[in-house]
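The values are calculated or read from the model by the stated rules, or taken from the named source; none is laboratory data. This is a predicted model, so every value here is computed, not measured. Here the Cβ positions follow ideal geometry from the backbone for every residue, glycine too, while neighbour counts run over all protein chains shown.
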Amino acid sequence: VNGVASVGINGNVVVDNTILARHLSVTSLSAITGNIGTITSGLIRNSADTIRFDLDNMRLYRTDGKFDLNIATLEFVMTT
């Protein structure tokens, strides 16, 4: 089109293989849900950062110190 290589699509597009992030525009992921498969390392926390799953160190704990389950050392602490 006007000397520029272009692709025009009218209808549905199905893509197999890879979609690069630079081709997407996302402003919020809060409404997205899905099965993300296996998580092999890292930190999972809620949005208020009050509870964390520390996968690398095998811990589930509250950030206020009231609950701490360390699976690696088999230690459990719970306070009121």
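General remarks:
- Any hit, the stretch 58-65, residues being modelled with pLDDT of 75 or more, touching a Leu at 6+ places or on another chain (Cβ under 6 Å) and of a type in the set (Phe, Trp, Tyr): no
- Among the candidates Ile9, Ile19, residue that is exposed (fewer than 10 other Cβ atoms within 10 Å of the Cβ), out of contact with any Cys (no Cβ under 7 Å at 6 or more places or on another chain), part of a loop (DSSP other than H, G, I, E, B) and at pLDDT below 75: Ile19
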